[in-house]
Amino acid sequence: MISTLIITISICFMSVLTAEVPMPQNLRVKSENLGFILEWDPPQTSPGKDFRYTAEYKSWNAFNAVCVNVSSLSCDFTSEVTLYGNYTLRVHTELNGKSSAWMEIKCEPLEKITVIGAPDVKLQSRKGKMEVDITEPVLRKSSLKDAYPTMKYQIRYWTEENRKELVKLVDQRRVMLLELLPNTRYCMEVKIIMDSKIKNSLPSNITCEMNTASDEVASWLIAVVLFVSFLVTLISVLLISMTVWFGYRGIRFLHPRAKIPEHFKQYLTERPSSAMLLAMQNSTQPKEPYHEISIITAEEVPSESTQKEHSQLT
């Protein structure tokens, strides 16, 4: 009976003590880019007092203090928690060495509740193609690829004249968009898809850029150029070969390979030394005798009867 009375008195005494210090209000967890911050509001029953606060988190079966006797209305647990654990957070008010009761809040894993900020997007047109350069938001814990291995980048783009959107899912942060209209202004918005389109990042700002003209040549024109080049090369090779061949034959004709014997060369190049030969060269050409010859045909030869008649007449 006495022990029960003592316990009752103790409980009432503790209730009086805790009732003297009001609890904080409106506990909430804010998580952006894998940060983990507990926030609260001061007690509304006793405004103007110099309240202090202590915040803890439960790991396994024990609470661990992170912020002790602080005046701020928030506590950063980012470095104390993991991405995939469930946690219980609590905070109480302290005033003049007395404390209020604990105010608790339970949280889902960080990778589920966090809000991933918007990526940064830069566009640059290159010869009728648009290069998209995506910069991920800076995370406070881990990297985006480690936290979300299946993440992808969703690119939505459209022309200013036509708002019909095209969507492209890619794995790389730098992408080249092909088959765009030349001399057309394109606008784009990028989001990061973390978990099968259930969890997304904030969308980027809409970025627009004029697509330049393409310098690509049609395939049929390339084929024609190649064919003409082949014909020109073939004809040039044939002409050069014929020129070389006929040039070689002309040189061989003018300068045959057969050599004149040396004594012939000497005989032809030396001046004649024979007196008779010199006299013949210096004298006039002798007059050659000749006999006149008449050529008659068979019709002009007289027959035998004609010859007899002629002989009788004579």
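The values are calculated or read from the model by the stated rules, or taken from the named source; none is laboratory data. It should be emphasised that the depicted structure is a prediction, and the values quoted were computed from it without experimental measurement. FYI the Cβ positions are ideal-geometry reconstructions off the backbone, even for glycines, and counts take in every protein chain you see. What goes into the accessible areas is simple: the full protein's heavy atoms, side chains included, and nothing from ligands, DNA or RNA. Shrake-Rupley method; radii C 1.70, N 1.55, O 1.52, S 1.80 Å.
Every condition in (1) under 30 Å from Glu80 (Cβ atoms); (2) crowded, with 17+ Cβ neighbours inside 10 Å is met by Ser125 except one, and the failing one is (1). Within the stretch 15-57, the set of residues being aliphatic (A, V, I, L, M) and either at pLDDT 95 or above or closer than 30 Å to Ser142 by Cα (or both) comprises Leu27, Val29, Leu34, Ile37, Leu38, Ala55.
Report the residue count in the stretch 113-143 for those that are more than 16 Å from the chain's Cα centre (by Cα) and at pLDDT below 90. Result for the stretch 113-143: 3.
Scanning for something more than 30 Å from Gln25 (Cβ to Cβ) and in contact with a Phe, Trp or Tyr (Cβ under 7 Å, 6 or more places away or on another chain), does the stretch 122-143 turn up at least one residue? Looking for residues that are more than 30 Å from Gln25 (Cβ to Cβ) and in contact with a Phe, Trp or Tyr (Cβ under 7 Å, 6 or more places away or on another chain), one finds at least one in the stretch 122-143, hence yes.
For the stretch 66-89, residues that are under 16 Å from Gln25 (Cα atoms) and surrounded by fewer than 13 Cβ atoms within 10 Å (Cβ to Cβ) total 2.
Of Leu139, Leu144, which residue is surrounded by 17 or more Cβ atoms within 10 Å (Cβ to Cβ), among the aliphatic types (A, V, I, L, M), without any contact (Cβ under 8 Å) to a residue 60 or more places away in the chain and farther than 24 Å from Tyr186 by Cβ? So the residue among Leu139, Leu144 that is surrounded by 17 or more Cβ atoms within 10 Å (Cβ to Cβ), among the aliphatic types (A, V, I, L, M), without any contact (Cβ under 8 Å) to a residue 60 or more places away in the chain and farther than 24 Å from Tyr186 by Cβ is Leu144. Is it the case that some residue within the stretch 91-111 is under 38 Å from the mean Cα position of the chain (by Cα) and open to solvent by 60 Å² or more (accessible area, probe 1.4 Å)? There is no residue in the stretch 91-111 that is under 38 Å from the mean Cα position of the chain (by Cα) and open to solvent by 60 Å² or more (accessible area, probe 1.4 Å). Restricted to the stretch 152-201, and to residues there that are over 20 Å from Gly117 (Cα atoms) and acidic (Asp, Glu), the residue that is nearest to the chain's Cα centre (by Cα) is Glu179. Arg156 satisfies every condition listed in (1) among the basic types (Lys, Arg); (2) touching a residue at least 24 places away in the same chain (Cβ under 8 Å); (3) assigned to a loop (DSSP other than H, G, I, E, B) except (3).
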